[in-house]
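In what follows, a structure is listed as structure tokens, so that the remarks can point back to it.
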Amino acid sequence: MSEAHDHGLPPKSSVSRWFLTTNHKDIGVLYLVTALFFLVFGGLLALLFRLELITPGADLLGSLGYNQAVSTHGLLMVFWFISPFAFGFANYVVPLQIGADDLAFPRLNALSYWLYLFSGVLMGVSFFQGSTFAGGWTMYAPLNTPAYIPGEGLGATSVVLALIMFTAAVTLGSVNFLTTMYRMRAEGLRMRDIPIFSLSINLTVWMMLFAFAALLAALMILTSDHILGTTYFQFANDGSTLATDADNPGASLLWAHLFWFFGHPEVYIVFFPALGVMAECFQTFTGRRLVGRKWFIISMVLVAIQSFAVWMHHMFLTGINLPIKTIFMATTIGISLPFDLMVFSLIYTMAKGRVRFTTPFLFSLGALILFIVGGITGVFLGAIVLDYQFRGTYWVVAHFHYVMVSGATALFGGLYYWYPKITGKMYDETLGKIHFATYFVGFNLLYFPMFVAWETPRRVFEYSQDLQIWHSMATVGGFILGASMLIMFYNLFVSLWRGEDVGDNPWAYATTAEWAVSSPPPLENFPGVPTYADGSLSFMDDEEVARRTSGPGGSGVAADGGTAADGGTASVTTAATATPATPAHEAAGEEHASHASFWPFLVSLGGFVAFLGLSGVRTGSVVYVSMAAVGGLVTVGSLFGMTREPFHAPEMPIAERWPFASVEKMKLGMWTFLASDIVLFGAFIGSYAFVRVAYGWSEWHHDLIPAEHVTMPGLINTYLLLTSSFLVVLAMVAAERESKKGTTAALAGTFALGVGFLINKGIEWNHLFHISTEMFPNGWNLSTNIASSTFYLTTGLHGAHVTIGLLICAYMTYRAWTGAYQGDDRAIEYFGLYWHFVDIVWLFLFPLFYIL
Amino acid sequence: MDWKGYTVIYVVLFVFATAQAVVEFVGIVDSAYWLAFGIIMVLSVVKAVGVAAYYQHLRWEPRAVTYLVLGGTVAALALTAAAAYSIV
């Protein structure tokens, strides 16, 4: 494709393109390649500790080396490989499947990718900071607070910060995908009609939106304990009674609750995209529509909801009470039922169709078999009495690898399935089948002996001599599995040059829309605006779009006309050409969508430097402090640059938008982000409530809070924030009336009140830091006790939100002063959504932290 | 909504915030803690709903936006309530 046709994007052969691109297909490829890099990284670590486990004892890596290898292997595979690998496909395929020309916010999509990449780089750098994280992928606290980490523990802090960066990437991605899927579906494509892979991604991002917010809260609290010196996870504060939990009885359970509230949905976050790939491959290679498609979808929805009500089955061996364990045993056993239905649906699809054993199908079928084994062995762990026996053993290790790696197995199938679409070349089928055979043998030789040797204690390098044969078999299996991946890399790499050219659709019965365009698809995806109004995919040209969108009723929202006939099936009709020459809107000379921006890379680079600096600020090192400061400046500066950059990402003129037809994409994006922020603050407030209940709700105030901590500063701040919210809505009214002075004055007033809020908070904090009473002779600061920690961190997080709001407000005040927003108050409204949310949070923090 | 409507909401929010502080100043928090807790938290919820409904215009948005917000709220409440109950 020529450079001119790529709207300023350099060609794919140019390195600069990959730093600049915001196009979903390019970003998808970047995700896939990066995730495969982290697969190799995590895989090599696994091979290292499998070598260690040939014999009991740490004679190869040493004890700390072993702990580091095991912990980072888990983190890399769960966070930096599987989900990003799935989101490589999601990026590439979902817009094509739903009829969109890109994601709703292309620069945000690039930002997600670069944050992901740099979070992984930070994880890598942590290996060079003495030692990296060694406390298990579940990061249990207080084990992973600095007091219990050998050495300075800077590498461990870096890993926690890397995960925060990763979580930011995921949250932005979730907002982007949800906005895209609810605002940019082709006309006639109802939510229930979108292809099953896209549907699986939709449910995955819903789970991500809420689950990762809880993880973010957990990570921020852990980071605060690492860097700021709060004591959320410390048993005692005086340094002499570490063996007792009298001062903070909720310490260890708090982490478990926060982590597993995220952690169990994470299992489905990892597995759902794989399930989507399996469903696509089963349909394509049996030539049969998914049997019981409606019930398959309902089951997925049920699992997505129920996934948030099973987390305590990871805590059966902790001190939580028996009634709650029983409830969570029931919900856990219950969640297996919809999975049964999905498994039977896939099996029946196979039975009813004519199977063609291509490589993608073999991987999908293999994944199904592995998942059945993983699922059944998981039910054992969901039963309380059996879990008492199995918890902390290799039964758990074997079970979750059969589940998680079965997901990866399906995703490898997805890689073969979409490889011709992404590259335009066909892979070598024979090598693909050899890869599958080697992979499947290696997998089972690696993980099945772990069931037999289940009495081996998990995370420990010592085990009974009787079990050595099983561990030796597993090590051999691990190397076979690793070697099988080399076959795949070779096959896919060589096929880029030697592979046969494929047309639009190399698979006989593939029916989803990505197969209706060329391989690879053009930059703008489709030759016109896609529609399913007559039951199958066709494309509207500019003339038709203009006719439909002009005049009264030309809202751009699809009417309740036609619907997609069969799961979004794309049999191209009417004027559509499968391989377009020039997009219709381009031929008409319309303004092009932008596809290039360097700012997402710079923002993420700045974030990386800042976080690396933060990992070592507690040492007082000038280097670390400087990096934190410079990185922070680069991040803020780049965000400002991104705001100023002209970037055009047009909404589709005609699209299916239920149930958010009248909520434009910026507004929907903001609301979606706020829903995630609700969970973040909810988890912080929930943590406060939890540790207070653990301590004794009534005693808390008497024992831990000084009399000098009074209501009035909180009340004054409540007045300030309420008034600032009032001024924001007045700014909207003024903008509607095209009163430049009114708009500017109201926004300036909002800014001034926000600054007043922070000053008042600063005065209050300074006073509390320096009180000297009989109970608190050294002041009441972040480290004084668990109550002070919860107060400063929760209100501090809120203060950080206020500060971000003020930066935006200052910019908008300047813009209003120069004449912006007159007659169009939307930007003020979107800012207001955020600002009012910050106000609402304070309406709960005020009573909880100042009155009750 | 015009500026008069927004002003009425602002006055109500201001009065409710003051009422929360008054509950403490008159000693109900000391004499009947859980009654005070109930009054204060209900007032907070009413204020939050007021801001969301009128200042964030949820009242005029499609119900789906409200469900989106409720989804996050229910998730946070479920975590808080179940975690706290687990150690009672």
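The values are calculated or read from the model by the stated rules, or taken from the named source; none is laboratory data. Computed from a predicted model, the values in this text were never measured in an experiment. Glycine gets a Cβ as well: all are built from the backbone with ideal geometry, and neighbour counts include every protein chain shown. Keep in mind that these areas ignore ligands, DNA and RNA; they rest on the heavy atoms of the full protein, side chains included. Shrake-Rupley method; radii C 1.70, N 1.55, O 1.52, S 1.80 Å.
Before moving on, here are some points about what is shown:
- Among residues of the range A:450-488, those that are under 30 Å from A:Tyr140 (Cβ atoms), open to solvent by 40 Å² or more (accessible area, probe 1.4 Å), in contact (Cβ under 8 Å) with a residue 40 or more places away in the chain and not charged (D, E, K, R), counted: 5
- When residues of the range A:282-304 are limited to those that are among the aliphatic types (A, V, I, L, M) and surrounded by fewer than 18 Cβ atoms within 10 Å (Cβ to Cβ), the one farthest from A:Thr511 (Cα to Cα): A:Leu302
- Of all residues in the range A:597-638, those that are within 16 Å of A:Ala168 (Cα to Cα) and either more than 24 Å from the chain's Cα centre (by Cα) or surrounded by fewer than 17 Cβ atoms within 10 Å (Cβ to Cβ) (or both) total 1.
- Of all residues in the range A:709-746, exactly one satisfies the criterion of being more than 10 Å from chain B (Cβ to nearest Cβ), outside any helix (DSSP H, G or I) and among the charged types (D, E, K, R), namely A:Glu738.
- Test set (1) open to solvent by 10 Å² or more (accessible area, probe 1.4 Å); (2) of a type in the set (Asp, Glu); (3) touching a residue at least 60 places away in the same chain (Cβ under 8 Å) - A:Asp387 fails condition number: (1)
- Criterion: open to solvent by 10 Å² or more (accessible area, probe 1.4 Å) and modelled with pLDDT of 95 or more - qualifying residue of A:Leu96, A:Leu75, A:Leu108: A:Leu108
- Listed by first and then second residue, the pairs linking a residue in the range A:610-623 that is within 17 Å of A:Leu122 (Cβ to Cβ) to a residue that is open to solvent by 60 Å² or more (accessible area, probe 1.4 Å), with Cβ atoms under 6 Å apart and 6 or more places separating them unless they lie on different chains, are A:Val617/A:Val625.
- Exactly one residue out of A:Phe271, A:Phe262 is away from chain B (no Cβ under 14 Å), at pLDDT 95 or above, buried (at least 23 other Cβ atoms within 10 Å of the Cβ) and part of a helix (DSSP H, G or I), and it is A:Phe271.
- Filtered residues of the range B:22-45 (kept if closer than 25 Å to B:Thr73 by Cβ and of a type in the set (A, V, I, L, M, F, W, C)): B:Val23, B:Trp34, B:Leu35, B:Ala36, B:Phe37, B:Ile39, B:Ile40, B:Met41, B:Val42, B:Leu43, B:Val45
- Residues of the range B:44-65 that turn out to be more than 7 Å from chain A (Cβ to nearest Cβ), open to solvent by less than 30 Å² (accessible area, probe 1.4 Å) and in contact with a helix residue (DSSP H, G or I) (Cβ under 7 Å, 6 or more places away or on another chain), as a count: 3
- Residue match in the range A:652-660 (condition: in contact with a Leu (Cβ under 7 Å, 6 or more places away or on another chain), modelled with pLDDT of 95 or more, open to solvent by less than 20 Å² (accessible area, probe 1.4 Å) and under 30 Å from B:Ala52 (Cα atoms)): yes
- Hits in the range A:750-785 - residues which are more than 18 Å from A:Glu708 (Cβ to Cβ), surrounded by 16 or more Cβ atoms within 10 Å (Cβ to Cβ) and among the β-branched types (Val, Ile, Thr): A:Thr750, A:Val755
- Residue in the range A:481-534 that is farthest from A:Arg185 (Cα to Cα), counting only those that are of a type in the set (Asp, Glu) and not in a helix (DSSP H, G or I): A:Glu500
- Verdict on A:Tyr447 being surrounded by 15 or more Cβ atoms within 10 Å (Cβ to Cβ), in contact with a helix residue (DSSP H, G or I) (Cβ under 7 Å, 6 or more places away or on another chain) and within 17 Å of A:Ala398 (Cα to Cα): yes
- A single member of A:Thr326, A:Thr318, A:Thr331 is of a type in the set (Ser, Thr, Tyr), within 30 Å of A:Val693 (Cα to Cα) and at pLDDT below 95, and it is A:Thr318.
- Positions within the range A:308-343 being part of a helix (DSSP H, G or I), open to solvent by less than 40 Å² (accessible area, probe 1.4 Å) and within 11 Å of chain B (Cβ to nearest Cβ), in sequence order: A:Phe308, A:Ala309, A:Trp311, A:Met312, A:Met315, A:Ile324, A:Lys325, A:Phe328, A:Thr331
- Qualifying residue in the range A:815-827 (condition: more than 14 Å from chain B (Cβ to nearest Cβ), surrounded by 22 or more Cβ atoms within 10 Å (Cβ to Cβ) and in a helix (DSSP H, G or I)): yes
- Residues of the range B:1-36 classified as out of contact with any helix residue (DSSP H, G or I) (no Cβ under 8 Å at 6 or more places or on another chain) and at the interface with another protein chain (Cβ under 9 Å from one of its Cβ atoms), total: 1
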